[in-house]
Structure formats: structure tokens, C-alpha cells
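First comes the structure, then the notes that go with it.
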Amino acid sequence: MKSYNQFSAASRREFMRTLSLGLGATLVGTSTIGGPLSWLEESSYGPATLDALQSRKQLGVALVGLGKYSTGQLAPALQQTRLCKLAGIVTGTTSKAAQWKKQYTIPDKNIYDYKTFDRIADNPDIDIIYIVLPVGLHAEYVERAARAGKHVICEKPMAPTAEECRRMIAAMQKSGKKFSIGYRLHFEPHHQEMMRLGQQQAYGPITKLTSDNGFRFGNDTPWRVDKELAGGGPLMDMGIYCVQGVIYTKGQLPVSVTAKLAPNPDPKGLFKEVEAGVNWQMQFADGAVADCRTSYAENMNSLLRAESSRGFLELQPAFGYGGINGRTSKGPMNLPNVPQQARQMDDFADCILNNKPTRVPGEMGLRDVQILQAIYRAAETGQKVSTKDIQQVLDKTNSR
Ligand code: NAD
């Protein structure tokens with residue numbers, strides 16, 4: 001399929017001229033990473049995306065669950081997206097519905113609660129349903145969204161169990177619509193650089209990786225320490241970033257894991273259902289190892305680091321919504337921080353418009369849940385647990 005960058009220079013110049021003559025201000029806006037058109041110049045969007053931009057068509061997104069992530073990140077990001085926009089909401093709280101309706105000018109016909117949600121099937125304003133609920137509810141709502149015949153993004157981690165992940169994938173396959181996981185960092189320049197340098201072995205084959213991600217949990221979102229709603233503790237919520245980062249930097253799947261639970265400071269209270277922290281190791285077929293830590297009892301300066309015989313590459317802080325800082329043994333990466341969620345959602349819209357596969361599919365969500373479950377099994381048994389049978393999917397730098 002022809003990508004944007006394969007368009008002839010003349011047609012691209014003509015398109016840019018059209019934008020600069022008036023459409024540009026509304027369609028392309030001001031990029032945070034350069035001039036007003038740099039977003040388009042840097043992208044590899046498909047031809048249908050250019051048509052959508054020219055005809056000012058944006059896909060409609062409905063956010064399901066208006067908690068902290070929707071409020072603080074996704075709704076603001078949907079004011080920056082070019083290919084999709086906030087068109088609807090699903091909430092159980094009447095006061096939130098009223099506030100969002102006013103703040104984002106959402107018509108009543110695009111506002112649902114959890115009982116009326118299935119009627120979204122009949123709403124042509126909604127193309128994409130984005131599930132931003134506690135993890136234990138992801139499967140039910142993805143299956144309902146699939147039955148509604150909409151494209152779906154589901155937040156991470158995909159579900160508490162691999163069995164639920166498989167059900168979600170099957171439901172989406174049956175619907176024939178696109179399905180992705182809310183893995184925002186695959187669209188972030190520092191993480192893309194880690195993928196590129198690691199996978200291309202710019203400093204030789206990676207032999208050792210280290211990754212930390214954790215924070216002191218204050219119980220502001222109690223579902224995160226409820227086993228049924230969260231599937232587990234910090235490993236599910238924060239450790240998943242370490243698992244992902246290690247895999248896409250190394251460019252291989254682990255063959256086994258070992259793990260040990262961290263001391264639990266409140267086993268009868270906050271952490272009575274889920275772990276307070278985990279230290280684990282992922283082993284690779286070529287002998288490389290990744291040492292990782294996660295916690296709800298300790299603020300960690302998030303880290304993703306890879307070492308090889310000829311140098312190192314490192315992000316610290318590594319996993320935030322911004323402020324990511326990268327360096328290698330040759331010096332600083334000097335890369336921009338960008339609106340991650342806006343890029344992630346625009347990429348998904350581009351996949352829909354051009355019928356391309358997403359680089360963060362449901363199968364990748366399943367793979368990660370399988371690894372997280374293997375880590376829990378390793379911690380429970382004290383044994384090394386094989387991961388050879390996990391879903392074989394990788395985000396390769398040259399996969400698109
Ligand atoms: P939150 O608690 O702030 O929001 C959850 C929302 O779900 C609330 O609006 C709540 O009212 C609603 N809800 C519906 N039924 C519920 C129930 N039975 N129990 C509890 N809440 C219920 O949580 P959040 O931090 O916004 O997380 C939501 C999802 O987003 C989770 O899957 C989480 O892992 C994910 N998340 C992803 C990122 C990321 O960077 N990709 C960051 C934060 C959260």
C-alpha cells in the first residue's frame with residue numbers, strides 16, 4: 001500500500017500548499033515537535049488519510065469510563081488529534097455526563113450509561129469505542145463493543161486472564177473491526193529509538209537489560225488493589241511497561257521468567273489481595289537477561305536500560321506521559337517529547353482509514369498478560385517458568 005511518504009513530491013507540495021492556504025490551521029494545527037506541518041511530513045500515513053484530512057473527516061471516538069486517565073489524558077489528547085475526535089461518552093455518573101457535555105460540546109444523543117451502551121451500535125457518529133474501565137471489566141465491554149460493530153481500543157493491561165484476552169480477540173475477529181491496546185509508548189520517539197537501536201544491534205547484541213516502574217499507591221483508585229477488578233497489583237499496572245520495553249528493545253520474546261515478591265508493608269490492609277511489589281528476571285534464548293522491578297510501595301525513577309559489549313542505551317525517566325529522557329554511551333538522545341496519546345489514537349485512525357494492521361494488536365495484549373501470569377506463577381512457586389508457548393508477536397522497527 002502506498003504510504004504518505006511515497007506520494008510524489010509534486011502531489012505532496014500541492015497538498016501542503018492547499019493546507020497552508022487555509023485548511024492547515026484547522027486540519028493540521030500546530031505540532032509540538034516542529035512547524036505546523038511537521039506532523040504530516042514526518043508521518044507515514046496512508047493515502048486515505050490524506051483524503052480524510054482534505055475532506056476534514058475525523059473518526060468519532062467514544063470514551064467508556066470517565067476516570068482519571070480519560071479526564072486527564074485521553075480527552076485532552078482528543079483535542080490534539082487530527083484523524084479522530086471526541087464524539088461520545090459512556091458513564092454511570094450523571095454529574096460527569098453533564099460536565100463533559102458542556103466542556104466538550106457532546107450532543108445528548110452521543111451520551112450513554114452502562115445500561116444504554118449497546119445502543120451505540122446505531123450511532124453513526126461513533127466509529128471507535130475506547131474502553132478505559134478497570135481491567136476486570138475490559139472483556140465484557142470489548143465484547144459488547146464488538147457486538148455493536150465498532151472499532152475498539154482497550155486500555156492496558158488487556159484483561160486479568162489470558163482466557164479473557166482470547167475471548168476478546170475472537171469477538172473482535174468475528175466483528176471484522178480493528179482492535180488495538182492502549183500502548184501509547186510504541187508511538188513515542190524515545191521508545192521508538194530504543195526499539196531501533198536495540199533491534200538493529202547498533203551497539204552489538206544486547207546482553208543485559210534493566211527496567212523499573214513503580215510508585216507509592218495512595219488508594220485514590222481502590223479498584224487497583226482489588227484482585228477481581230485489577231487482576232493483580234503493580235505488576236499488572238506498572239510492571240507491564242517493563243515487560244514491553246524489554247521486549248521491544250531486545251527485539252525478542254523471553255523463553256522463561258523467575259520472580260520473587262517484594263516485602264509486603266501492609267498485608268492485612270492495602271495489599272491484602274494483591275502484591276505490594278515484585279522483582280523478576282526475563283531470560284532470552286541467546287543468554288541475555290532482563291532484571292525488572294515494580295512496586296506500589298515505593299516511588300521509582302522509572303528506567304529502561306540495555307547494555308551490550310560496545311555500549312548502552314537508556315531512558316530515565318522512561319514511562320511517563322512526558323518528560324522522558326534518553327541517552328546512550330555516545331551521549332544524549334536529544335529527542336522531543338510529544339503528545340503520546342494523540343499519536344497513538346491518530347495511528348489507530350490511520351489503520352482504520354487505510355485498512356492496515358495496528359502495531360499494538362490484541363494479540364500483543366494477550367502476549368503480555370501471558371508473561372505477567374508466568375511471572376506470578378514463578379513468584380508463587382519459586383521455580384523458573386517457561387514462556388515458550390506465549391503468543392508470538394513482536395513490534396519490529398521495520399514492521400510497518
Ligand atoms: P479510574 O478509577 O480513575 O477510572 C475508572 C473509571 O471506571 C471511573 O470513571 C469509574 O467510575 C468507572 N467504573 C465503572 N465501573 C466501575 C467499577 N465497577 N469499579 C470502579 N470503577 C468503575 O482509573 P484510571 O486510572 O482512569 O484507569 C482506567 C483504565 O485505564 C485502566 O485499564 C488502567 O489500567 C488504564 N490506564 C492506562 C494508562 C496508560 O498510560 N495507558 C494510564 C492510566 C490508566
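Values quoted throughout were computed directly from the atomic coordinates according to the rules given, and no laboratory measurement underlies them. Quantities reported herein were computed from a predicted structural model and do not represent experimental measurements. Reconstructed Cβ throughout: ideal geometry from the backbone, glycine too, with neighbour counts over all protein chains shown.
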Checklist outcome for this item: Per the beta carbon screen (other Cys under 4.7 Å), unpartnered cysteines of the chain come out as Cys84, Cys154, Cys165, Cys351
Checklist outcome for this item: Distance in nm between Tyr104 and Gln392 label points, each 7 Å along Cα→Cβ, equals 4.0
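Listing Trp100, Trp280 from the residue with the fewest other Cβ atoms within 10 Å to the one with the most, what is the order? Before the final figure, lay out the partial values.
Numbers: Trp100 22, Trp280 26.
Fewest to most other Cβ atoms nearby, the residues stand as Trp100, Trp280.
Taking every DSSP beta bridge with both residues inside the chain, roughly what % is antiparallel (nearest 5)?
Working: 32 of 59 bridges.
Here the share of antiparallel DSSP bridges comes out near 55 percent.
Could you work out the relative contact order of segment 267-400? I mean the mean sequence separation of Cα pairs under 8 Å and 6+ apart, divided by the number of residues, in percent.
So the answer I get is 11 percent.
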Checklist outcome for this item: Here the net charge surrounding Gln58, from other residues whose Cβ is less than 11 Å away from its Cβ (Lys, Arg +1; Asp, Glu -1), is +1
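If I take every Cα pair under 8 Å that is 6 or more residues apart in the chain, average their sequence separation and divide by the length, what percent do I get for the relative contact order? Intermediate values should be presented prior to the final figure.
Values: 811 pairs, mean separation 68.3, N = 400.
After rounding, I find 17 percent.
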Next on the checklist: Viscosity 1.002 mPa s, temperature 20 °C: what is the translational diffusion coefficient of segment 164-287 from Stokes-Einstein with a Kirkwood Rh over Cα pairs, rounded to a whole number of µm²/s?
Outcome noted: 127
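Just check segment 276-330 against the gyration tensor rule for me: Cα atoms, a ≥ b ≥ c as the square roots of the eigenvalues, rounded for a/c under 1.5, and otherwise prolate or oblate depending on whether a/b exceeds b/c.
Values: a/c = 3.03, a/b = 1.13, b/c = 2.67.
Oblate, since a/c reaches 1.5 and b/c is not below a/b.
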Checklist outcome for this item: dims of the chain, Cα set, principal axes, largest to smallest, nearest Å -> 62, 52, 36
Checklist entry - At a Förster radius of 22 Å, what calculated FRET efficiency corresponds to the Cβ-Cβ distance of Asp220 and Asn325, to the nearest 0.05? => result 0.25
Checklist entry - Taking neighbour Cβ counts within 10 Å as the exposure measure, how do Tyr141, Tyr321 sort from fewest upward? => result Tyr321, Tyr141
Checklist entry - Relative contact order for segment 146-266 using alpha-carbon pairs under 8 Å, separation at least 6, rounded to a whole percent? => result 26
Item to check | Distance between modelled label sites at Asn337 and Thr161, nm, 7 Å Cα→Cβ extension | outcome: 4.0
Checklist entry - So if R0 is 30 Å, what FRET efficiency would Thr94 and Gln192 give, r being the distance between their Cβ atoms, rounded to the nearest 0.05? => result 0.10
Checklist outcome for this item: With label points set 7 Å from each Cα along the Cα-to-Cβ direction at Lys208 and Gln383, the distance between them in nm comes to 3.0
Item to check | Net charge contributed by nearby residues that have their C-beta within less than 10 Å of Leu304 (K/R +1, D/E -1) | outcome: -1
